[in-house]
Amino acid sequence: MSRHHLVMITAHMRCPLAFGFAVKVMGQPGLKSNDARRWQNEPHLSVSLGYLQRIFDYLEQHQISMYRMSSDIAPYVTHPDMPQFHDQIRACSIELQELGARAKTQGLRLSFHPSQFIVLNSPEPALVRKSIADLEAQAAMLDCMELGPEAVVVTHVGGVYGDKRSGRDRWVATYERLPEPVRRRLVLENDDTRFSSADIINIHERTGVPLIFDYQHHWCNNPEGWEVRPALERCIRSWPTGVRPKIHYSSPRTEMRTVKRVIPGTRRTETAQIPPIWTGHADYLNPFEFITFMRLADELDFDVMIEAKLKDLALLRIRRDLLRYAPDVAQRFGLDSAALHAIEAEGVESAEAEAEHVE
C-alpha cells in the first residue's frame with residue numbers, strides 16, 4: 001500500500017467506522033421503506049420521503065450512521081408507458097433537499113443499490129437504455145439531496161452471456177457513455193456467481209470506477225485465488241482521495257432449508273429438508289468470523305454495510321457482540337465502555353423486537 005493511502009487512512013481513522021443496513025427496518029413495526037402501492041393508486045416519491053423521515057428518526061434513536069434507501073422510493077419513475085410518474089423527482093426537489101440536509105446534520109451516509117434488473121453489460125440495447133435511465137433517476141435524487149461523493153449507487157457487472165471477457169468489455173463500453181452524474185455516483189461490486197473481485201479490479205483499472213468489496217461474495221466466487229486482505233486493499237484503493245470506502249459484509253446461512261418439491265413420477269408434493277446454499281445470507285453476523293476479518297483488516301479504513309436477513313437487528317447485535325468479545329474492534333466503530341449502558345438498553349428493545357419477529 002502506498003504512503004499516500006496510508007496517510008489518507010490515518011486521517012480517516014480519527015472518525016469511527018460506521019455500520020449500516022439495507023432498506024427494511026425490522027426493529028420497529030410499521031416503518032415502511034417506500035410507497036409500494038400499485039400504479040392505479042397513484043403512488044409517489046413524496047409519500048416515500050415521508051416514510052424515510054420516520055426511518056431517519058429510528059436511525060437517530062439507535063445511533064446508526066449508514067443506511068441504504070430502497071431503490072423503489074420513486075415508483076414507476078422511469079416506466080416507459082407511464083409518463084404521469086416521470087416528473088416525481090423535480091416535483092419533490094425541495095423535499096429531497098430537506099431530507100438531504102437532515103441526513104448531513106445527522107451524520108448519515110446514504111446509498112442506493114438497484115435491483116438485479118439493472119444490467120449495463122447486456123447485449124440487448126433496450127435493456128441497457130432502461131438500466132441507464134434507472135441509474136440516472138437514482139443519481140438525480142442523491143444530487144437533489146445535495147449529498148457528497150460518499151453517497152453512491154451500487155451495481156454489479158451483470159450477465160456473463162457465455163464469455164466473461166466480452167461481458168467485462170461491454171460494461172466498460174457502457175460506462176464510457178454514461179451521463180456524468182451517474183459516473184460520479186456509480187460504484188461496482190463483486191458478485192457471488194459471475195464476476196469476482198479480480199474481474200471488478202480489471203474493470204476499475206480500465207475505467208476508474210470505485211469498487212465495493214463484498215466479503216461473502218469473495219468466498220463464494222474467487223476462481224483466481226485472491227487472498228482476502230490483498231483483494232480488500234485493492235478495492236479500498238480504488239476510491240477517490242477523501243471519500244471513505246465501504247464494504248458489504250454478511251455471513252452464510254448454515255441451517256437446513258425446508259422446501260416443497262414434486263415427488264418424482266407424481267403430481268404430489270412433499271416437504272423436505274435440504275442443505276444450505278452458501279450464497280444465502282444468515283439472519284445475523286457470525287461475530288467471531290467478523291472479528292477475525294476486522295483484525296485481518298487492521299489499519300484499513302472503511303464503513304461496513306451489513307447484508308443480514310434481520311437487517312438493523314443484526315447491526316444492533318454485532319455492536320453488543322463486539323463490546324463483549326472484541327473491545328479492540330469495538331473501538332474502531334466508536335464503541336467503548338462508556339457506550340455499554342446504552343447498548344445494553346438497546347439490546348432489551350431489540351430482543352423484544354426479535355421475539356415479535358419470530359412469533
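Add -39500 (n - 2.57) for each DSSP H run of 4 or more in the chain, then divide by its residues: what number comes out at 222 nm, to the nearest 500 deg cm²/dmol?
-14000 deg cm²/dmol
Which of Ala326, Ile201, Ser166 sits closest to the plus end of the dipole of the chain, meaning its Cα is farthest towards the positive end, when Lys and Arg get +1 and Asp and Glu get -1 on the C-beta?
Of Ala326, Ile201, Ser166, it is Ser166.
Considering the chain as a Gaussian network with a 10 Å cut-off on Cα pairs, which listed residue, Thr258, Thr279, Thr266, attains the greatest mean-square fluctuation?
Per the Cα network of the chain with a 10 Å cutoff, Thr266 tops the list.
Kindly state, to the nearest 0.05, the FRET efficiency for Thr279 paired with Lys24, given R0 = 25 Å and r defined as their beta-carbon distance.
0.80
Can you pull the one-decimal nm distance between simple spin-label points at Glu205 and Trp39, each 7 Å off the Cα toward Cβ?
The two pseudo-label positions are separated by 4.5 nm.
Put a dot 7 Å past each Cα toward the Cβ at Arg324 and Lys32; how far apart are the dots in nm?
Placing both labels 7 Å along Cα→Cβ, they lie 3.7 nm apart.
Multiplying the sequence separation of Gln97 and Thr271 by 0.36 nm and subtracting their Cα-Cα distance, what value in nm do you get?
Here the segment from Gln97 to Thr271 would lengthen by 57.6 nm.
Within the stretch 185-231, which GluC sites (Glu not before Pro) sit in a loop by DSSP and count at most 14 neighbouring Cβ atoms inside 10 Å?
Glu224, Glu227
Between Phe117 and Arg129, what is the label-to-label distance in nm when each label sits 7 Å out along the Cα-to-Cβ direction?
A separation of 1.7 nm, rounded to one decimal place.
May I ask which of Lys164/Lys246; Lys32/Lys164; Lys246/Lys309; Lys260/Lys309; Lys130/Lys260 have a Cα-Cα span longer than 31 Å here?
Result: Lys32/Lys164; Lys130/Lys260 exceed 31 Å.
How large is the direction-averaged shadow of the alpha-carbon convex hull of the chain, in nm²?
Answer in nm², one decimal: 20.5.
Does a label point 7 Å from the Cα of Ala338, set along Cα-to-beta-carbon, have any residues of the stretch 96-113 with amide nitrogen under 15 Å, and which are they?
The answer is none.
When the Cα centres of the stretch 267-303 and the stretch 110-126 are compared, how far apart do they sit, in Å?
25 Å
Just subtract the alpha-carbon distance of Ser46 and Arg295 from 0.36 nm times their residue separation and send over the number in nm, one decimal.
85.3 nm
Between Gly30, Gly50, Gly159, find the one with the highest GNM mean-square fluctuation for the chain; connect C-alpha pairs within less than 10 Å.
Largest GNM mean-square fluctuation: Gly30.
State which stretch of the chain is the longest one without any exposed trypsin sites (Lys or Arg not before Pro), exposure meaning a DSSP loop state and at most 13 other Cβ atoms within 10 Å.
39-176
Cross-link candidates for Lys104: which aspartates and glutamates have Cα within less than 18 Å, leaving aside residues fewer than 8 places away along the same chain?
Straight-line reach from Lys104, under 18 Å: Asp57, Glu60, Glu95, Asp143, Glu146, Glu150, Asp303.
At 0.36 nm per residue, and after removing the present C-alpha to C-alpha distance, how many nm does the segment from Met256 to His86 gain when stretched out fully?
56.7 nm
Bear in mind that the values in this text are calculations on the coordinates, not laboratory data. The structure displayed is predicted, hence computed values, not measured ones. Please note: Cβ atoms are built from the backbone with ideal geometry, for glycine as well, and neighbour counts cover all protein chains shown.
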